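The values are calculated or read from the model by the stated rules, or taken from the named source; none is laboratory data. Given the structure is predicted, the values throughout are model-derived calculations rather than measurements. Neighbour counts are summed over all protein chains in view; Cβ atoms, including those assigned to glycine, are modelled from backbone coordinates with ideal geometry. Note: accessible area is taken over every heavy atom of the protein model, side chains too, but ligands, DNA and RNA are not part of it. Shrake-Rupley method; radii C 1.70, N 1.55, O 1.52, S 1.80 Å.
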Amino acid sequence: MKKEDLYNGISGIHPEYLEEADSYKTRKPIRWRKWVAVVACICVCCATVVPVFAAANNKIAYELLYTISSSIAQKLKPINNSCEDNGIKMEVIAANIEDNKATILVSMKDIKGNRLDETVDLFDSYSIHTPYDQSGGCSLVEYDDETATATFMLEIEQMNQVLIPGDKITFSVREILSGKKHSNSELEKIDLKNLSVINKFKINPNIRGGSGTETDSLEQDYIQLMEPNEESATVLAEGVTLTGYGIVDNKLHVQVRFADILVTDNHGEVYLKNQNGEVVHCQYNVAFWDNSETDSYEEYVFNLPIDELNSYEIWGEFWTCNAGSIKGDWQVTFPLTD
């Protein structure tokens, strides 16, 4: 079976069968030969089905083929330097290679309203497809208020196989976040000179992550987390609420709830600052979900002598966005140049 036949065969499969095959892809790895056999079998079974290459569901066909062979998928992917969805136009401005790095500039312009601003980001919803294994990232480099256009830079690091001029890159985006707010101030609601000993703890918290020196013990139920005190909760910023603080095992614990993080990307940190302005970060922090897995509680733990805490100030730095994201389906495919 030639690579073109494989691609056209996948593209001619009815979406129902593509979605079923895609579900198998997520269950366990399948060897290349087995995938070819599966696809060939499906192609024979669906030979009479009307091709759906131009349909939106062809995205699944592309993803399936990319799983089988990224180089074939990229060679056969049509070039499309711009696209539009939900009133947002995405366009490739430049794409070139220098030494072992490929650099791409992509713009996103709001052509129907004023929904973008200088805080815009892609909410970790983007993906970069290349012909070979690469590592890459995306960052905002400029926002033009007059044209409501944001410019992002993609940087792709070469790995085992280097990219060459003519290789095609596919860049996709699902969500755009804008209207973010940043705050960094002293948390005056917390009295470090009058700290209570905590005796109510969360039972079987649904932990979603953490960082620091103690988080290796999370699965051993070693770390005690405070039961959120919603009755005495204090708003620190829009979408950020203080739900408890006090002493646990001779350590200061501070707990904050970030609202609707999968939509707002609300996040931040709590830290201490001494009289000389030197910052002391927490020893570790642990995050766990609320019952609906919508809000996230984050608990910051500081390992300082209790009698020294009254010489510190406690601060919070938060990034919030309560307007929600702009959803869409943006995808461009373009060749690299020298």
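Label-to-label distance for residue 247 and residue 114 is 5.3 nm, based on points extended 7 Å past Cα in the beta-carbon direction.
Ordering 147, 201, 92 by the projection of their Cα atoms onto the charge dipole of the stretch 69-205, which places +1 on the Cβ of Lys and Arg and -1 on the Cβ of Asp and Glu, puts 201 at the extreme positive end.
The accessible surface of the stretch 181-310, taken with every protein chain in place and a 1.4 Å probe, is 40 percent carbon and sulfur. For the stretch 90-170, the relative contact order is 36 percent, taking Cα pairs closer than 8 Å that sit 6 or more residues apart in sequence and dividing their mean separation by the residue count. Taking a probe of 1.4 angstrom, what is the accessible area of residue 157 in Å², to the nearest 10? The accessible area comes out at roughly 70 Å². Heavy-atom accessible area for residue 133, with the other protein chains in place and a 1.4 Å probe, reaches approximately 110 Å².
Working from label points 7 Å from Cα in the Cα-to-Cβ sense, the residue 194 to residue 323 distance is 4.0 nm.
For residue 326, the accessible area of its heavy atoms, probed at 1.4 Å with every protein chain present, is near 20 square angstrom.
With a cut-off of 17 Å on the backbone N, the residues of the stretch 319-335 near the modelled label site 7 Å out from residue 235 along Cα-Cβ are 319-324. About its Cα centre, the stretch 119-210 has a charge dipole of approximately 800 debye under the convention of +1 per Lys or Arg Cβ and -1 per Asp or Glu Cβ, with nothing else charged. The candidates 90, 159, arranged from most to least accessible area with a 1.4 Å probe in the full protein assembly, appear as 159, 90.
Over all other residues within a Cβ to Cβ distance under 11 Å of residue 226, the charged ones net out to 0, with Lys and Arg as +1 and Asp and Glu as -1.
The stretch 72-194: percent of C-alpha pairs farther apart than 24 Å? Summing the P(r) of the stretch 72-194 above 24 Å gives 38 percent of all pairs.
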